[in-house]
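Please read the structure below before turning to the comments.
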Amino acid sequence: MKKKSDDTNMIKTKMREKAKLFGFSKTNKYDKVLKNKPKIKAIIFDMDNTLLDFFGYKIKATKAALKAMQKAGLKIDSKKGYGKMFSMYYIHGFESRMIFQKFLEDVKGYADPKLIAAAMIAYREAREKALKPYPDVKPTLRKLKKMGIKTIIVSDAFRLKAWLRLTSAGLQDEFDTVITHNDTLDYKASLKPFKLAVKKLKLKPEQILMVGDSQKRDIEPAKRFGFQTCIAMYGKKHAPTINVPRLKSFKDVLKFVR
Ligand SMILES: [Mg+2]
């Protein structure tokens, strides 16, 4: 039989672990905070760099598109071409549908359809291969489902682009709802997608945890809206400048549900 002190020690260790996760050094401070927090009944996930490695796939797919254009006759140094392509994303947006056209107009003077076709085909092929969820995403989502926690996506991406990425990553059947830019015609910073999420979930904001990688686009608006929040650190280079619990790996999200 286990001694009572063993149980107490185990609870203390667990509390210490959680306290660390929340960025608190003192267990009692964490305990006080957790006691005041309502139980989480649903989790809203951002998609890009939270569920799947958006930048990782973008780099691979862009390199493949450039290589295909070179093979189809484009004369450009690989390093220069790659740099140019990425500067195009920053000018026209990472979701731009005209990125190869704009790139070719810039480097060749006109949008050569033969090169655009080569780029698009290579890009799509590379996307299929490169778009994978982060480790443990699927088993963790299934555990949450078993626990009765609703899981939804709120993404600023366009609807079809979001579904293409979700499907490529094999996550298309894992969520109760997917809310994209098209559903409110606004971004998370406006709070409109969050209002829609709460309406669909029929829960109070404080019963919902928002998980995202961007302090500005996910965490700050979610906090303003009244959600509980935690920031995904595994796909990030920079630490947040605000006090917010951090996820070192996706499965850490299980520590937030009781
Ligand atoms: Mg993101």
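The values are calculated or read from the model by the stated rules, or taken from the named source; none is laboratory data. These numbers come from a predicted model, not from an experiment. Note that we place each Cβ from the backbone using ideal geometry, even for glycine, and neighbour counts take in every protein chain shown.
Which residue, of Leu171, Leu201, is surrounded by 20 or more Cβ atoms within 10 Å (Cβ to Cβ) and touching a residue at least 60 places away in the same chain (Cβ under 8 Å)? When all the criteria are applied, what remains is Leu171. Listed conditions (1) over 18 Å from Ser96 (Cβ atoms); (2) not assigned by TED's automatic domain parsing to the domain that holds Phe103 are all met by His181, apart from (1).
Taken over region 213-224, the criterion of being within 13 Å of Phe194 (Cα to Cα), touching a strand residue (DSSP E or B) at 6+ places or on another chain (Cβ under 8 Å) and surrounded by 20 or more Cβ atoms within 10 Å (Cβ to Cβ) is satisfied by Asp218, Ile219, Ala222. Entry remark, region 223-242: residues being over 21 Å from Val137 (Cα atoms) and among the β-branched types (Val, Ile, Thr) number 2 in total.
Every residue, every condition in (1) within 16 Å of the chain's Cα centre (by Cα); (2) under 19 Å from Asp136 (Cα atoms), yes or no:
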residue: Asp176; (1), (2): no, yes
residue: Leu185; (1), (2): no, no
residue: Leu203; (1), (2): no, no
residue: Ser214; (1), (2): yes, no
residue: Pro221; (1), (2): yes, no
residue: Val244; (1), (2): no, no
residue: Asp252; (1), (2): yes, yes
residue: Lys255; (1), (2): no, yes
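For region 46-130, which helices (runs of 4 or more DSSP H) that fit wholly inside it have 1 or more residues that are within 16 Å of the ligand (Cβ to nearest atom)? Hits in region 46-130: 54-71, 78-92.
Is it true that Gly170 is more than 16 Å from the ligand (Cβ to nearest atom) and of a type in the set (Gly, Ala, Ser)?
Numbers: more than 16 Å from the ligand (Cβ to nearest atom): yes; of a type in the set (Gly, Ala, Ser): yes.
Yes: the conditions hold for Gly170.
For first residues located in region 210-225 and without any contact (Cβ under 8 Å) to a residue 60 or more places away in the chain and closer than 15 Å to Ala239 by Cβ, partners that are hydroxyl-bearing (Ser, Thr, Tyr) and not in a helix (DSSP H, G or I) and lie 6+ apart or on another chain with Cβ distances below 7 Å form the pairs Gln215/Thr241; Ile219/Thr229.
Within region 99-111, the residues that satisfy the criterion of being at negative phi and surrounded by fewer than 19 Cβ atoms within 10 Å (Cβ to Cβ) are Lys102, Glu105, Asp106, Val107, Lys108, Tyr110, Ala111.
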